Amino acid sequence: MRAISLGLIFALTGVGPALADDWPPADDYINSLVSCETSKDPGHCTFTRTTWQKEYANAISGAYQGQRNVSFCLSTGCNDAIRQNKILGCAWRIVIIETGHLQADSTDTANLMYFCGREHVDEAGRHAAYAQARTMLKKFGVAVR
């Protein structure tokens, strides 16, 4: 029954399951150069590192909130818990919009404009982010324009 339900969800949303083997391991994004104790917010840093595996797994499985959380941490570093990668954070924002999540709202559009904007990513970075997003969208089975 669960397989039928997942198949129906993927058919209705247009988002297909991505295989975990198709993605870099979650640990690749942990900022091992900084100890959470020296972070501006040690509690948040520790919490983020504790929940990162689950959030990342949710993101690559197509879960809306997981994608939001991963994109935020990649864009900001989440108090030094995660290695900041503004281009990849922007790419996840593009994925959130382009997959057509039913939960997506105006904050997602605002976040796309902000985290992919000039304050965070230059023109070359935006081109790289869109290329990365196209690759990610293909992994989710979303038709790429």
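FYI, it's all coordinate maths here, none of it is from the lab. Please read these numbers as outputs of a predicted model, since none were measured by experiment. Cβ placement follows ideal geometry from the backbone for every residue including glycine, while neighbour counts extend to all protein chains displayed.
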At 1.306 mPa s and 10 °C, Stokes diffusion of the stretch 2-139 via Kirkwood alpha-carbon radius, µm² per second: 103
Charge-dipole axis of the stretch 2-139 as Lys and Arg at +1 and Asp and Glu at -1 on Cβ define it, positive-most pick from Val95, Phe72, Cys45: Val95
A correct Kirkwood calculation over the Cα atoms of the stretch 74-145 returns a hydrodynamic radius in Å of 12.4
For the stretch 42-137, run through the GluC sites (Glu not before Pro) and keep only the ones in DSSP coil with at most 10 other Cβ atoms within 10 Å of their Cβ. Glu119
Sorting Leu74, Leu112 on the 10 Å Cβ count, fewest up front, what's the list? Leu112, Leu74
How large is log10 of I(q)/I(0) for the stretch 21-85 at q = 0.14, 0.18 Å⁻¹ when the intensity is taken from the Debye formula with one equal scatterer per alpha-carbon? -0.35, -0.57
Can you sort Thr109, Thr38 from fewest to most other Cβ atoms within 10 Å of each residue's own Cβ? Thr38, Thr109
In nm, to one decimal, how far is the Ala124 label point from the Arg83 one, both placed 7 Å along Cα→Cβ? 1.9
Other residues with Cβ under 13 Å from the Cβ of Gln65 give, with Lys and Arg +1 and Asp and Glu -1, a net charge of -1
Lys and Arg at +1, Asp and Glu at -1: add these up for the other residues within a Cβ distance under 15 Å of Ser39 and post the number. 0
Can you put His44, His127 in order, fewest other beta carbons within 10 Å first? His127, His44
